[in-house]
Amino acid sequence: MPDFSVTTGSLDVMMTNDENVGGFQFAIDGVNITGAEGGSAASNGFMISTSSTMVLGFSLTGSSIPPGDGLLVNVEFENFQGTEICIEDVVLSDTAGGAIDVNVGECFEVS
């Protein structure tokens, strides 16, 4: 189960993929992103870059994230506003830079 905490400003972003992922990008609506690390992105040597709204992961060495199911990256955030957090504008690419079809789950409701 993904970890989410408004108190600590932490959100686990999970991914299930059935082909190698060469890069990823996504936005998170409802928070200001302060950083991202760990997960299969880090364990496969990806560079992880963030802005206040976007997370970008890629490899400088041609590495990829193999097919699997688990933690992609843990995102750190501040200034949670509203009642939900939504992952939006997701782009996944294969090792040749081609687009991978994406199915994003529902927004995470915060009670």
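The values are calculated or read from the model by the stated rules, or taken from the named source; none is laboratory data. No experiment lies behind these values; they were computed from the predicted model shown. Because the Cβ atoms are built from the backbone with ideal geometry, glycine has one as well, and the counts that use them run over all protein chains shown. Note: accessible area is taken over every heavy atom of the protein model, side chains too, but ligands, DNA and RNA are not part of it. Shrake-Rupley method; radii C 1.70, N 1.55, O 1.52, S 1.80 Å.
I'm checking my understanding of the structure. Among residues of segment 1-15 that are open to solvent by 40 Å² or more (accessible area, probe 1.4 Å) and over 11 Å from the mean Cα position of the chain (by Cα), which one is nearest to GLU76 (Cα to Cα)?
THR8
Taking segment 33-71, which residues are part of a strand (DSSP E or B), surrounded by 15 or more Cβ atoms within 10 Å (Cβ to Cβ) and among the hydroxyl-bearing types (Ser, Thr, Tyr)?
THR50 - this is the single residue of segment 33-71 that is part of a strand (DSSP E or B), surrounded by 15 or more Cβ atoms within 10 Å (Cβ to Cβ) and among the hydroxyl-bearing types (Ser, Thr, Tyr).
Looking at segment 76-86, is at least one residue in contact with a strand residue (DSSP E or B) (Cβ under 9 Å, 6 or more places away or on another chain) and under 15 Å from ASN17 (Cβ atoms)?
For segment 76-86, residues in contact with a strand residue (DSSP E or B) (Cβ under 9 Å, 6 or more places away or on another chain) and under 15 Å from ASN17 (Cβ atoms): absent.
Take the residues in segment 66-94 that are at pLDDT 95 or above and polar (S, T, N, Q), then tell me which one is farthest from VAL6 (Cα to Cα).
Among those residues, the one meeting the criterion is SER93.
So for segment 16-27 (the condition being more than 9 Å from the chain's Cα centre (by Cα), surrounded by 15 or more Cβ atoms within 10 Å (Cβ to Cβ) and within 15 Å of VAL104 (Cα to Cα)), does at least one residue qualify?
The answer is yes; a qualifying residue exists.
Residue by residue through segment 72-95, note down the ones that are open to solvent by 60 Å² or more (accessible area, probe 1.4 Å) and outside any loop (DSSP other than H, G, I, E, B).
GLU76, GLU78, GLU84, GLU88, ASP89, VAL91
Kindly indicate which of LEU11, LEU60 is within 15 Å of PHE108 (Cβ to Cβ), of a type outside the set (D, E, K, R) and modelled with pLDDT under 95.
LEU11 is the lone residue from the list that is within 15 Å of PHE108 (Cβ to Cβ), of a type outside the set (D, E, K, R) and modelled with pLDDT under 95.
Restricting attention to segment 96-111, and to residues there that are open to solvent by 90 Å² or more (accessible area, probe 1.4 Å) and without any contact (Cβ under 8 Å) to a residue 40 or more places away in the chain, which single residue is farthest from the chain's Cα centre (by Cα)?
Result: SER111.
Determine which single condition VAL31 fails, assuming it passes every other condition in (1) over 16 Å from SER93 (Cα atoms); (2) within 10 Å of the chain's Cα centre (by Cα); (3) among the hydrophobic types (A, V, I, L, M, F, W, C).
The one condition VAL31 does not meet is (2).
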